[in-house]
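To start, the structure under review is shown below, and the notes come after it.
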Amino acid sequence: MTKATNSVSLQNQTGTDRDLPGMELLKSLDLSGLTRENLDCRLAEAITAVADYFQADHGYVMLADEEGNFCKAAAAKRNAQDGDTVTASNAVIAKAAQTGATVSVADAMNSEQFGGDPDFQRFNISRALCAPMQATDNVCGLIYLDDASGASWDTFHSDLLELVAKYVTLAVKNVEAQESFAEKKRMIAAGRAALNLSHSVKNILQMISGAAEVVDFGLRSNQIHRVKRSWDILKPNLERMRKYTLEMLDYSKERKLNPGPADFNRVIQGAIESLKSQLKAKNSRINIRVDRKIPEVFLDAERIHEMALNLVLNAIDIVDNNSGLVSIETKYHSNQELVSLAVTDNGHGISDEMKEKIFTPFESEKKGFGTGLGMPIAKQIIDQHNGTIEIDSKVGQGTTFTVYLPVRLTEQSG
């Protein structure tokens, strides 16, 4: 860590310089865009800036778990030899957590209040400062600093650390609120899925039940032709049930990304390969053009496979039997460090009204089949990868969906 100045100079209304202590630190603490995935990294950056400003040897952000225990979420240490061990005063931490007030200790080893704390001697702590992260009536975390220096932190430093703690609290609670909101949306989506699909599932179950009775009768009477005929009814309806169930589960739950190096063309071709039976069933053609210059990408190959699967399957479903044509093209955009996937069909096109709703769950123009979740799931995966999707369509002339993805995922993704 490096030492930083403790003020920033601004012009006041009279044109003279005025020092606003602490403003430089507060301006440098940017926790916008904080997510559960980047929480540890971003808090580590923040506590490092705070420890530098206060010229502290150690700094910690400690968050309360479900049982009320305070666990290290991020740390800053001037001496790398300290390792990952938390070298802090448990007595100071406990006092701040218990009272919900900032605790400041100077000349720690001779302190009347904390002089008996063995952590002061064990970790060579001369001064310590701990501000609670207060959320309503509960302490949800702590910002802790200590140092071996003999100088004490004054009231200004206590007040400033309290401001830092309030800002970090707001950022962390915003992450929790976003997660809660996302979870409620997923639960609502699951409920809507059950309501929207209940009628279709009921019809499918009735067909399966009827076909199963015929199969049972055919087996008992040795009429194999009845068994074969009923199996032709059972098989597609079992597949429809499987698809409904998997898509409802997939959309209604949060799946974290598992990114890694991947061959983008191979991922896309793998998705196409798995849809050969659907193409054959519709007697449709498919054209594939891949850009061999695409470098190795860093993304969640399984999720991108699923995204491509949904886009291509949507195109296959849209085109007419016997005359359907689906074209797929990958490209590398080196200037922007992006890869793209374009899926084009020669179907009937999409109206402007439907373009606005196509990524909304359960909005589908496919009559009699489809869950209305395939395209929303594809969009969900694209968003997780910080990508975009564009629609180019004219009624009666077909549609092209073009997906743009960064070659490498950033830490904010997912």
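At a glance:
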item	result
Number of the condition not met by Ala49 [criteria: (1) out of contact with any helix residue (DSSP H, G or I) (no Cβ under 7 Å at 6 or more places or on another chain); (2) modelled with pLDDT of 85 or more; (3) not in a strand (DSSP E or B)]	(1)
Residues satisfying the stated conditions in the stretch 71-94, i.e. surrounded by fewer than 20 Cβ atoms within 10 Å (Cβ to Cβ), in a helix (DSSP H, G or I) and not acidic (Asp, Glu)	Ala80, Gln81, Asn90, Ala94
Subset of the stretch 224-242 (residues that are within 22 Å of Gln278 (Cβ to Cβ) and among the β-branched types (Val, Ile, Thr))	Ile233
Single residue of Ala190, Ala182 found to be modelled with pLDDT under 70, under 25 Å from the mean Cα position of the chain (by Cα) and farther than 16 Å from Cys140 by Cβ	Ala190
Cβ-Cβ under 7 Å pairs, at least 6 apart or on other chains, the stretch 173-196 side more than 25 Å from Gly33 (Cβ to Cβ), far side at pLDDT below 80	Ala190/Met248; Ala190/Ser252; Arg192/Pro361; Arg192/Phe362; Ala193/Met248; Ala193/Ser252; Asn196/Phe362
Residue among Leu142, Leu161, Leu129 that is assigned by TED's automatic domain parsing to the domain that holds Lys95, part of a helix (DSSP H, G or I), in contact with a strand residue (DSSP E or B) (Cβ under 8 Å, 6 or more places away or on another chain) and modelled with pLDDT of 80 or more	Leu161
Unmet requirement for Ala56, which otherwise passes all of (1) modelled with pLDDT of 90 or more; (2) not in a loop (DSSP other than H, G, I, E, B)	(2)
Residue that is acidic (Asp, Glu), farther than 23 Å from Glu296 by Cα and modelled with pLDDT of 90 or more, where the choices are Asp392, Asp320	Asp392
Number of the condition not met by Phe156 [criteria: (1) aromatic (Phe, Trp, Tyr); (2) at pLDDT below 90; (3) under 29 Å from Leu31 (Cα atoms)]	(2)
Extreme residue, surrounded by the most Cβ atoms within 10 Å (Cβ to Cβ), among residues of the stretch 227-281 that are small (Gly, Ala, Ser), closer than 29 Å to Leu205 by Cβ and modelled with pLDDT of 80 or more	Ser230
Residue in the stretch 361-370 that is in the same structural domain as Ser393 (by TED's automatic domain parsing), touching a Ser or Thr at 6+ places or on another chain (Cβ under 7 Å) and without any contact (Cβ under 8 Å) to a residue 60 or more places away in the chain present	yes
Unique residue being without any contact (Cβ under 8 Å) to a residue 40 or more places away in the chain and not hydrophobic (A, V, I, L, M, F, W, C) when the list is Asp263, Asp291, Asp317	Asp263
Among residues of the stretch 202-226, those that are among the charged types (D, E, K, R) and surrounded by 15 or more Cβ atoms within 10 Å (Cβ to Cβ), counted	1
Residue count, the stretch 145-158 (criterion: assigned to a helix (DSSP H, G or I), over 17 Å from Ala49 (Cβ atoms) and touching a residue at least 60 places away in the same chain (Cβ under 8 Å))	1
Residue check, Asp383 modelled with pLDDT of 90 or more and of a type outside the set (S, T, N, Q)	yes
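The values are calculated or read from the model by the stated rules, or taken from the named source; none is laboratory data. In this text the structure is predicted, and so the values were computed from the model without any measurement. Heads up, the Cβs are rebuilt from the backbone with ideal geometry, glycines too, and the neighbour counts pull from every protein chain shown.
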